[in-house]
Every structure is written in C-alpha cells, then in structure tokens.
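Shown next, in structure tokens, is the structure this report addresses.
Computed from the coordinates by the stated procedures, all read-outs in this text should not be read as laboratory data. Quick caveat, the model's predicted, so the values are computed rather than measured. Cβ atoms come from the backbone with ideal geometry, glycine included; neighbour counts cover every protein chain shown.
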Amino acid sequence: MKILIIEDEKELRKSVITYLTEEGYLCESATTYREGLEKLALYTYDCLLIDVNLPDGTGLNLIKDFQENEKKAGIIIISARNSLDDKLIGLEIGADDYLTKPFHLPELNARIKSVLRRRNFKGNKEVIFDEIKINLDNREVFINSKPMVLTAKEYDLLLFFIANKGRVLSKDSIAEHLWGDYMDQADSFDFIYTHIKNLRKKMLSHGSKDYISSVYGIGYKFLSE
C-alpha cells in the first residue's frame with residue numbers, strides 16, 4: 001500500500017515515514033502545497049496524510065483540488081488544530097478521518113488500516129477470494145486454509161490484483177503501486193515479471209488456481225475463470 005505524507009514538520013514527517021515503512025507501507029512525502037499537488041498529479045496513492053497548515057497553502061484546498069480530479073484514495077487530515085470547524089470542513093469535502101497532533105503512531109496506523117479497509121474492501125478485516133484468504137491487519141495470506149509466506153512486494157502485488165480483479169492493470173500502474181516514483185529510475189519492467197512469476201509459483205504450489213493472466217502488450221489481469 002502506498003502512502004503520501006504531506007507534512008512540513010521535518011521531525012514528525014521523518015518519524016511517520018520510518019514507522020509506516022517498518023509496518024510495510026511504501027511512503028512518499030511532500031513538504032508544501034505545491035509539491036503535494038505535483039505528486040498527486042503524477043502518481044496514484046492508496047492513502048493521503050495531509051496537514052492542514054502548509055507553508056504555501058492549506059491542506060483543505062489540496063483535498064478539494066484532489067477530489068475535483070476524481071482520483072480515489074483514502075484521506076486522513078493531520079493537524080495541530082483541534083478545531084471542530086476544520087474537522088467538519090475536511091470531512092464534508094471528502095476526507096475520511098481527522099487526527100489531531102500530537103498523536104501516537106500506532107493510532108495513525110490503525111486509522112490508515114481502517115480507511116483502506118473501508119475504501120477497498122468494504123470495511124472487512126479479511127479479504128476472501130475463492131480459496132484465498134488475506135488477513136489485512138496482520139498481512140497474513142492463506143490458500144485453502146494453509147498459510148503462504150510472501151515477501152512484502154508479493155503481498156502488495158496480490159492485494160493490488162484482488163482489489164482490481166477483472167481489470168487489466170498496465171505494467172506502469174503495477175510498477176507505480178509497488179515502487180512509487182522510484183519506478184522512474186527503472187530501465188525496464190523485468191522486475192515486475194519476476195515478482196509475478198514468483199507470486200504465481202507460490203500460489204500454485206499451495207493449491208491455488210492460476211488467476212493471473214498476461215494481456216499482450218498491456219499488462220496483467222487477475223480473474224477467476
């Protein structure tokens with residue numbers, strides 16, 4: 001899961017990135033309204049953490065701009081203000097949650113998980129697709145009730161496929177989801193093929209059907225039959 005943190009407080013930004021990275025998220029950051037707007041225009045994210053008070057604008061306006069582009073991502077406002085007005089405005093314009101500074105990082109993580117569950121999996125803590133079961137909180141995967149050990153990238157890839165089952169996913173979208181803006185440094189998409197090959201091999205060895213199909217010249221599709 002990919003998170004964008006738009007926060008100008010250096011120490012808070014660093015601590016959030018460090019903690020969430022250790023929890024298995026892919027984190028990117030911006031420190032200004034303008035930088036946040038540029039990243040939102042270029043890349044897609046699963047969840048946005050947006051500070052209300054930015055050096056060159058307000059996070060509330062950033063949310064409005066984001067919503068006008070009809071992109072889908074969970075939004076959590078983080079702010080030093082404990083203002084009911086800010087909270088109500090933020091929720092009215094499309095934010096999913098509001099967290100007042102200072103906050104505990106495990107609480108932030110719990111809020112992110114809740115938002116992602118609501119956005120992608122109707123609030124469920126478990127995702128079940130045929131013989132595949134995923135525990136979202138613990139990042140555990142089971143095939144026919146047997147645990148399957150995946151790398152962080154393989155887990156994110158499987159979840160991305162299931163969340164978008166039936167849709168053709170381009171190699172660009174898969175690369176961006178797994179590596180964020182670091183994908184711009186890649187010379188080819190061979191690494192995507194390697195991760196998909198390894199994920200498919202593990203799934204088949206655990207008795208799963210072969211759900212991953214290649215769409216020539218475009219990317220991949222995850223489909224039951």
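Details
- In the chain, the calculated helix contribution to ellipticity at 222 nm averages -13000 deg cm²/dmol per residue, counting -39,500 (n - 2.57) for every DSSP H run with n ≥ 4.
- For the pair Lys165 and Glu28, the difference between a 0.36 nm per residue extended length and the Cα-Cα distance amounts to 46.7 nm.
- Candidates Thr44, Thr58, Thr194, ranked by Gaussian network fluctuation over the chain, Cα under 10 Å, top entry: Thr194
- Rg and Dmax of the range 2-121, based on Cα coordinates, read 12.8, 35 Å.
- Percent of beta bridges antiparallel (DSSP, the chain, rounded to nearest 5): 55 percent
- For the listed residue pairs Lys133/Lys201; Lys87/Lys133; Lys39/Lys201, the alpha carbons are over 27 angstrom apart in Lys87/Lys133; Lys39/Lys201.
- Summing Lys and Arg as +1 and Asp and Glu as -1 over all other residues whose Cβ lies under 13 Å from the Cβ of Asp156 gives a net charge of -1.
- Gyration tensor verdict on the range 110-210 (Cα atoms; rounded if a/c is under 1.5, prolate if a/b is larger than b/c, oblate otherwise): oblate
- Put the Cα centre of the range 45-109 next to the Cα centre of the range 6-21 and the gap is 15 Å.
- Calculated Rg and Dmax of the Cα atoms in Å (choose from (1) 22.0, 71; (2) 18.2, 54; (3) 17.2, 48), label: (2)
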